[in-house]
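The values are calculated or read from the model by the stated rules, or taken from the named source; none is laboratory data. For clarity, every value in this text was computed on a predicted model and none was experimentally measured. For neighbour counting, all protein chains shown are included, and Cβ atoms are generated from backbone atoms with ideal geometry for every residue, glycine included.
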Amino acid sequence: MAAILIVDDNEQNRYFLEALLKGFGYETLSAENGVQALEKAAECLPALVISDLLMPQMDGFELCRRWKAHPHLKDIPFVVYTATYTEPQDEKLALSLGADRFLIKPLEPNELVAYIQEELDKASARNESEALDMQDEPEEHHKEYSQIVARKLDKKVRQLEAEIRERQKAEDALRKSEERFRLVAETATDLVYEWIPESNQLTWFGDIDKALGFAAGEFPHTAMAWTKQIHGEDQKRLFDFQDHSGSQAEPVVDRYRIAKADGTWRHWVDKAAPAEKINGKVVRWIGACVDITEQKNLEAQLYQAQKMEAVGQLTGGLAHDFNNLIQVILGYSDLVLWDKALSSAQRKNFEQIHKAAKKASGMTRQLLAFSRRQVIRPMYVGLNDLVTDMLKMLQRLISEKVSVEWKPYKNLGAIHADPGQIDQVLLNLCVNARDAMDNQGRLSISTMNIDLNEDFCSMNPWASPGAYVMLSVKDSGCGMDAQTLENIFQPFFTTKETGKGTGLGLSTVYGIVKQHNGFIHVESSPGCGAAFQVFFPRVEKRPQQRPANHEKYGLGGSETILVADDQEMLLDLTEHILEREGYTVLRANNGREAVSIARANENIDLAILDMVMPVLNGKAAMEEISRINPKVKFLFASGYSQEGVHENYVLQKGLNLINKPYPSEQLLQKVRDILDND
């Protein structure tokens, strides 16, 4: 029996095909490339060649061309089996060179063997037909005919010899085939099994004990034991399949949950195919199980990230629209409250309006923080210093019945962050912990340097490799169940009673951490408290001194200020505030109008520009005004914008920004600071 020549530079691929074909009774030869294949064919003509395309020295295309051009090889079937060249033009080229069949990896074993046998049958029929036709061929083809007949006789002799050898070695060949199959199954990552429906006999080829977390030999290797491990909601599909397995002609794919020895659930994909039929009934199945739990976890994380991004875009847009409205309420309530003639009752009413506006302002800032659209002012800071500075305020916010433990890490690395934003992260985490402990318990705050490698991150998909500074906040509170953990970072999600929480605290933390290119991990279970670990990228820089806060509100002046805003209400408000303090104000409704006013007035000291305006935005207006009068200073006002004075929401160096909504005193202080800064 002539052999099948396997040509592939990948040793594992050659071994698999050899094991498969020998298991079906074929003899095999193998070669690593086209050159070796031709040498093998010269020594012993094969019955068929199955060849990969991408190989060193001589690839499959060149081998096919030479094969079909060779007078002794051209009639031997040439099957292409490739995983690299899979485009239609690749198939067209291979067939034009004479390939008899073009197959794309991977194929089911039975399907591949069927294709090979089909080509062998076609070649055999073709050779017999050609032999009959040769009687009418001209004399010049007699030599070729003789060669064909000689090859066929030689082939028959070899087949008879092979059959005799096969009969003598039948039992040994069967044993070796089973050993090869078992070796492939045990070294593969999948769990391979054989199932006999009639007797319900299940044979595993692979370590099923290890896969399910049992000790060696502890798990019964029976179909009944396996079925019991499958989740009750998934068992019905399995029973339906078993009931109709005899008449099922096509491969079956199912996904189910299966319990490990410790009670945890894993997600498996089970793919089975009919392996043997008797009188049209399937009597043997071969299947493979793959654990896809990690893939499912990654898919869930991707879905969560996409959901958070979508919610962030929505909340960011809402915050922008509300900021302009809140700015008007906040500003005009400031102006009214500055009136000393206001009666006590009137003042009380306006103070409530002002208080509500400030609360709304805080909520929009949190929404912007969550959506990562808040412009930040990062600097190189030491996390230990930030935590130490916050401790006094934290003690005031947290009940005396809560014990606060602070463990700073020695020689802690620096981070590149906005100090105010990091303060907000720590504050929100500690307030959340306080509420979880019902104002009594133990709160632990600590820091450390940590390096996460690829191995750790492969086991913990929430992490990314790199050098980090970690902030840890642990509490002894009530803890959280799995469902709560899945939702804690979503805006407006809260487990508190109505009216006792906005549901924005942890979503703000999430947004700030993400905007600083960090990540956050939470561990918690009911009754066992919670541990929040926040990771910020570590930098090799010396911490900078944090800017001091100035408390000089209400300072006026006599300078000339150009104000540009497309919102009439905001323009009126800003003009009123500035003129009340003695400034001369020039108004513009858009950036182009601001440039025209600057061209006509050389005495402008400061331009306050809204970021988003029609005709010409704030950044473009600044560039034109600077060319007209380089002495003009600038202050940008923004309720949140997609682009302008920042890159990825990090404020560009040398530019001044005030975020809407802002108190009137803050605007006046900012204006005075810029004008006084030479």
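Points worth noting:
Residues checked against (1) at pLDDT below 90; (2) among the polar types (S, T, N, Q); (3) within 42 Å of the chain's Cα centre (by Cα):
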position: Ala621; (1), (2), (3): no, no, yes
position: His646; (1), (2), (3): yes, no, yes
position: Leu651; (1), (2), (3): yes, no, yes
position: Val671; (1), (2), (3): no, no, no
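- Lone qualifier among Val473, Val431, Val404 - being of a type outside the set (Ser, Thr, Tyr) and either in a helix (DSSP H, G or I) or out of contact with any Cys (no Cβ under 9 Å at 6 or more places or on another chain) (or both): Val431
- Counting only strands (runs of 3 or more DSSP E) that sit wholly inside the range 1-117, those with at least 3 residues that are surrounded by 18 or more Cβ atoms within 10 Å (Cβ to Cβ) and β-branched (Val, Ile, Thr) are 4-7, 78-82.
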